[in-house]
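For reference, the structure discussed in these notes is given below.
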Amino acid sequence: MPPSVPRQSPPPEDGGKRPESRRHVITRRWLTAITIVLLIGVPAGYLLISAEQSRDSGRDKAKAASATGLTEGFPSRVQRRIYDIPVPNAATDVAYYETNNWKTSRLYVQFRTVPADLDWFLNDLGISRSALKAGHVSISERDAGIAGWDLNTGDDWAGTTVAEKDPLPTVDITVDESDPARPLVYAVSAATP
C-alpha cells in the first residue's frame, strides 16, 4: 500500500499570502503614524523654537543698540573682552552702556562687589588696590554725564587709569568706597579702532 499523503488545502485566492491579523494591521498603522510625526514634527518644532530664539536675540540686540543710557545687566563676553572690563561673576547692581563712533568706542560699566572681587578685578587689569589714588575721580565729567553718573558728591572716591598702547583700550576706574564691604565700581574703557 502506498504511503498516504496528507491532504492539502487549496491555495488562497490572494496569491498565497496569509491574511494579516487585525492586531498586526493596527500596530503597523501606529508605527507609521509615529514615524511620520517624528520625521516631520520634531524638525518643525525645532525650527519654531530656533525662530523664536533668533527673534528674541534680534530684539535684545536692537534694544541694546537703541539704548541711550545704562542698561541693567552684564555686558556680553565679547564686549568685556574687547574693552578689557572683567566684571566679577558675583557682582550686583551691574549696568553698562556702549557708544561707538568713527574715532573712539567706549564701554561704561558699573557694578557693586566685595573687596576680594575688587582685588580680582584690578589684578586682571594688571594693577593692585594700591594703584587707586584716594580722593581721585579718574572718570571725566563728560563720560560721567554720558553714563548718568554723579561722581562729584561724596568724599570716599579712589581712582586710577590703566593706560595701554593701541589697540588695547585705556580704562578709567573710579571706586566709591563709602561702604568698604560693598564698594561700587565705575569704569570707562575707551578703545580706538
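Taken together, the values in this text are just the output of simple stated rules run on the coordinates, not laboratory data. Owing to the predicted nature of the structure, the values given are computational and were not obtained by experimental measurement. Don't worry about glycine lacking a Cβ; one is built from the backbone with ideal geometry, like all the others, and counts go over all protein chains shown.
When both region 135-176 and region 69-105 are represented by their alpha-carbon centers, they are found 14 Å apart. Put a dot 7 Å past the Cα of Ser76, heading toward its Cβ, do the same for Leu168, and the two dots end up 2.4 nm apart. For region 99-193, rounded, prolate or oblate, judged on the Cα gyration tensor with a ≥ b ≥ c (square roots of eigenvalues), a/c < 1.5 rounded, else prolate if a/b > b/c? Oblate, since a/c reaches 1.5 and b/c is not below a/b.
Under the shape rule built on the C-alpha gyration tensor, where the axes satisfy a ≥ b ≥ c, region 134-176 is oblate, since a/c reaches at least 1.5 while a/b does not exceed b/c. Label sites at Asp93 and Val42, each approximated as a point 7 angstrom past Cα along Cα to Cβ, lie 5.0 nm apart. Once you order the gyration tensor axes a ≥ b ≥ c over the Cα atoms, which shape class does region 81-129 get: rounded for a/c under 1.5, otherwise prolate or oblate by comparing a/b with b/c? It comes out oblate by the Cα gyration axes. Averaged over residues, the count of other Cβ atoms within 10 Å places the peptides 40-48, 78-86, 158-166 in the sequence 78-86, 158-166, 40-48, highest first. When the chain is fully extended, how far beyond the present Cα-Cα distance does Ala51 get from Asn152, taking 0.36 nm per residue of separation? So the extension gain works out to 31.7 nm.
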